[in-house]
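Trainee: Got a structure for you, questions after.
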Amino acid sequence: MGFLLECPNCGKRDVYEFRFGGEAHKRPRVNSSSEEWMKYVYMRENVAGVQQEWWFHRLGCHKWFLAIRDTRDNSVSI
């Protein structure tokens, strides 16, 4: 399913120009336990609702940015 995603540098573009980078969440401290790092790397919430996500504009400016997307209807804000 396609939708428009607004790049802060290039404006609104088709989502197929971007690469999804995953949910944005806080990185553990360097000295955190292996369990904390495992959760950070592999465990995702996968919410049915609003979440903050990383996106990479691979066919445009080649910049990473954060967007807030509602996973139920793909409405996006930056």
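A short reminder: the numbers here are calculations on the coordinates, not readings from a lab. Given the structure is predicted, the values throughout are model-derived calculations rather than measurements. All Cβ positions, glycine included, derive from the backbone under ideal geometry; neighbour counts span all protein chains shown.
Trainee: Residue by residue through segment 1-57, note down the ones that are among the acidic types (Asp, Glu) and under 13 Å from Asn74 (Cβ atoms).
Mentor: Glu6, Asp14, Glu53 - these are the residues of segment 1-57 that are among the acidic types (Asp, Glu) and under 13 Å from Asn74 (Cβ atoms).
Trainee: So, one more: Among the numbered conditions (1) surrounded by 13 or more Cβ atoms within 10 Å (Cβ to Cβ); (2) in contact with a strand residue (DSSP E or B) (Cβ under 8 Å, 6 or more places away or on another chain), tell me where Lys39 comes up short.
Mentor: Condition (2) is where Lys39 drops out.
Trainee: Against the conditions (1) of a type outside the set (Asp, Glu); (2) over 16 Å from the mean Cα position of the chain (by Cα); (3) surrounded by fewer than 14 Cβ atoms within 10 Å (Cβ to Cβ), where does Arg58 fall short? Just the number, please.
Mentor: Result: Arg58 fails condition (2) only.
Trainee: Additional query: So in segment 11-23, with the set limited to residues that are among the hydrophobic types (A, V, I, L, M, F, W, C) and surrounded by 14 or more Cβ atoms within 10 Å (Cβ to Cβ), which one is nearest to Asp70 (Cα to Cα)?
Mentor: Looking at residues that are among the hydrophobic types (A, V, I, L, M, F, W, C) and surrounded by 14 or more Cβ atoms within 10 Å (Cβ to Cβ), I get Val15.
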